[in-house]
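Engineer: The structure is given below, and queries will be raised subsequently.
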């Protein structure tokens, strides 16, 4: 028996296909530096929440969010052609703040390390 739900398997397929479509077929300059970090699909396979980050930035610009919103219809139509699903899920794009949180933690750890090096007493 499979240990994964069908929604998880469909989410993985959607992530791969959307990343490929964004790389090869979307020509919108607003979303050129977007990376797909994950996809969550509801159990009824009606809605797919696609998480993304804009590379090199800790926040998401409104232009990127708008560009992805405009591309959602095209992406859904292409997913319908590529995947063998009875119903293609509605695509909702959501900014993934976990990368900004991770970079903030890295910065704090580097600051602590630098403070420890400067406060080491001389022998």
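Engineer: Considering (1) under 15 Å from the mean Cα position of the chain (by Cα); (2) in a helix (DSSP H, G or I), say which one residue 73 fails and leave the rest.
Structural biologist: (1)
Engineer: Residues of region 32-65 being more than 15 Å from residue 92 (Cβ to Cβ) and not in a loop (DSSP other than H, G, I, E, B), which ones?
Structural biologist: 35, 53, 54, 62, 63, listed by residue number.
Engineer: Of the residues 79, 68, which single one is touching a strand residue (DSSP E or B) at 6+ places or on another chain (Cβ under 6 Å), part of a helix (DSSP H, G or I) and buried (at least 17 other Cβ atoms within 10 Å of the Cβ)?
Structural biologist: Going through 79, 68 in turn, just one is touching a strand residue (DSSP E or B) at 6+ places or on another chain (Cβ under 6 Å), part of a helix (DSSP H, G or I) and buried (at least 17 other Cβ atoms within 10 Å of the Cβ): 68.
Engineer: Condition test on residue 39, is it surrounded by 13 or more Cβ atoms within 10 Å (Cβ to Cβ) and under 12 Å from the mean Cα position of the chain (by Cα)?
Structural biologist: Considered against the rule, which asks whether it is surrounded by 13 or more Cβ atoms within 10 Å (Cβ to Cβ) and under 12 Å from the mean Cα position of the chain (by Cα), residue 39 comes out as yes.
Engineer: Follow-up question, since we're still on this one. Considering region 84-100 alone, what residues qualify as being surrounded by 13 or more Cβ atoms within 10 Å (Cβ to Cβ) and at pLDDT below 90?
Structural biologist: Across region 84-100, the qualifying residues are 85, 96, 97, 99, 100.
Engineer: Here's a follow-up. What's the total number of residues in region 90-116 that are assigned to a helix (DSSP H, G or I) and within 12 Å of the chain's Cα centre (by Cα)?
Structural biologist: 2
The values are calculated or read from the model by the stated rules, or taken from the named source; none is laboratory data. This is a predicted model, so every value here is computed, not measured. Neighbour counts are summed over all protein chains in view; Cβ atoms, including those assigned to glycine, are modelled from backbone coordinates with ideal geometry.
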